[in-house]
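Asker: Just passing along the structure, written as structure tokens.
The values are calculated or read from the model by the stated rules, or taken from the named source; none is laboratory data. Values in this document were obtained by computation on a predicted structure and should not be read as measured data. Because the Cβ atoms are built from the backbone with ideal geometry, glycine has one as well, and the counts that use them run over all protein chains shown. Quick note on the areas: whole protein, heavy atoms, side chains included, nothing else; ligands and nucleic acids left out. Shrake-Rupley method; radii C 1.70, N 1.55, O 1.52, S 1.80 Å.
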Amino acid sequence: MAFKVVYVPIGVPTFHLESAQDQFQKSVKMIEGITNSGVYPDAPLLTIDDLKKYLHGLKADLIILQNTTFANSAYASEVLKRFDCPILLWTLREPVIDGGRLRLNSLTGAYSAGNLFHHLGREKFGYVFGSPEEEEVISTTKAYIEAAKLKKSLKNLNMASIGHTPQGFGFGRALDAELLKNFGINLLSVEARELMSKARELKDEDLVEVLEEAKQKMVGLMDLPENNVNDFARIYKAYKDFIETNNVKAIASRCWPDFFIEFKTPVCGALGLLNDNLIAAACESDLMGALSMYMGVELTKKAVFFGDPVSLDETKNTVTFWHCGMAACSLANKTKGAETGVHPNRKIGPTMEFGCKGADEVTIFRVGRKPNGEFRFFIASGEALDEPKQFLGASVVVKTDSKALDLVKNSVKDGWEPHFVVVYGNIAKELEVLAELLNLEVCKY
């Protein structure tokens, strides 16, 4: 079912209707500029009967409830009777203060609605104050729309766990029941050896299309041993077929030691191509890492970086994130492209071998877990520097907005997992709203 944002402008006809109509039209234009999923009335809803007629039969994933003028709590109660989706309550700024008539009285209406929400146990609602032209109103409304859309997508998300976490990497595990309970996610499970077996059964003619894709995206792939190139194509094809058959959007894959020992070729390159195609693909079977990647992909429609924080430079105020070779090709610095090579420890390829491109704004993110089992969000921001590859594998150097040393110290002491996602774009506000909608703790660094 398509995502729907329902705009509900309530009021009464005893206030300044010219001002109300002006704010209504500007509000519709503003919401239309953010989303093509909006539903709007023809005019402000100035009676309970008008409100009932408008709401009848509507489905909503987010309600934007605006006091276009003052409206008593009976209006808000009609909304709460019909919808249990997230609500953003919007107060309009008084358009004129000139010693004359109070034109809208939107703020008193917001207090009436907020009071009702609390008494009915619906205190988890969003709030924004200001006129439709104000940047804070626009950015907050956009954040609620994007977060509500992402929350809905989680309920339709098939994730896959491909194999188990290695010993000592249990931080990446999650039960199917807790993913369903906290996020609405459906978790599929398959053993890595099953996909290896399917990969071995593939014929050379089955690999033509995936090899062509790889050659176009991966620099230096054909310089590697032929058996590794062909086996990489087999595992990529097997993963791709499994993902398409099961409508999977995010995977957490076993990697070492199985693929090096049993398949003689790493899964790194295959995961890199999946990430390039916006399938969130985490290695070391990190399910919560894969979920973090999926959220970043959904909010930006771009590939994200997954890796360990491995280096700190206090003088440059940077943290380097690295992993051994499953980054998306599109993240590579354009001067050299998505170079490929061999794993730094196992000396088998293909792995992704490049420094990531720079960006003015990035978000460092992780869905983590507290000792009591509850989930929480790690959020930090900064910029990605245009730096060459820092170590064998793929890396991105992030100059953090906060003090880098404090970020590292505090996140280590707070018990965060060693995998993080670097998202190209500033999505901190959207993630904070999503945490609010999911009733999860936010930890900002």
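Asker: Testing Lys155 on (1) touching a residue at least 60 places away in the same chain (Cβ under 8 Å); (2) open to solvent by 20 Å² or more (accessible area, probe 1.4 Å), one condition comes back false. Which one is that?
Answerer: (1)
Asker: Moving to a separate point now. Phe321 versus (1) open to solvent by 20 Å² or more (accessible area, probe 1.4 Å); (2) on the phi < 0 side of the Ramachandran plot: which is the lone unmet condition?
Answerer: Condition (1) is where Phe321 drops out.
Asker: Please count how many residues of segment 338-368 are over 12 Å from Ala394 (Cα atoms) and either open to solvent by 40 Å² or more (accessible area, probe 1.4 Å) or small (Gly, Ala, Ser) (or both). Before you say what the answer is, go through the steps one by one.
Answerer: First, the residues of segment 338-368 that are over 12 Å from Ala394 (Cα atoms): 345-350, 358-368.
Right, trim to either open to solvent by 40 Å² or more (accessible area, probe 1.4 Å) or small (Gly, Ala, Ser) (or both) and you get 345-347, 349, 358-361, 368.
Qualifying residue count, segment 338-368: 9.
Asker: Please tell me if Glu262 is in a strand (DSSP E or B), out of contact with any Ser or Thr (no Cβ under 9 Å at 6 or more places or on another chain) and surrounded by fewer than 24 Cβ atoms within 10 Å (Cβ to Cβ).
Answerer: No: the conditions fail for Glu262.
Asker: Additional query: Return only the number of the condition from (1) among the polar types (S, T, N, Q); (2) at pLDDT below 95; (3) under 23 Å from the mean Cα position of the chain (by Cα) that Asn227 does not satisfy.
Answerer: With respect to (1) among the polar types (S, T, N, Q); (2) at pLDDT below 95; (3) under 23 Å from the mean Cα position of the chain (by Cα), Asn227 is out only on (3).
Asker: Still on this structure, please answer the following. Do any strands (runs of 3 or more DSSP E) lying entirely in segment 323-398 carry at least 2 residues that are among the aliphatic types (A, V, I, L, M) and out of contact with any His (no Cβ under 9 Å at 6 or more places or on another chain), and which ones are they?
Answerer: 359-369, 375-384
Asker: Does Thr363 count as in contact (Cβ under 8 Å) with a residue 40 or more places away in the chain and more than 30 Å from Asp231 (Cα to Cα)?
Answerer: yes
Asker: Tell me yes or no: at least one residue of segment 214-227 is surrounded by fewer than 24 Cβ atoms within 10 Å (Cβ to Cβ), out of contact with any Leu (no Cβ under 8 Å at 6 or more places or on another chain) and closer than 30 Å to Asn156 by Cα.
Answerer: No, segment 214-227 contains no residue that is surrounded by fewer than 24 Cβ atoms within 10 Å (Cβ to Cβ), out of contact with any Leu (no Cβ under 8 Å at 6 or more places or on another chain) and closer than 30 Å to Asn156 by Cα.
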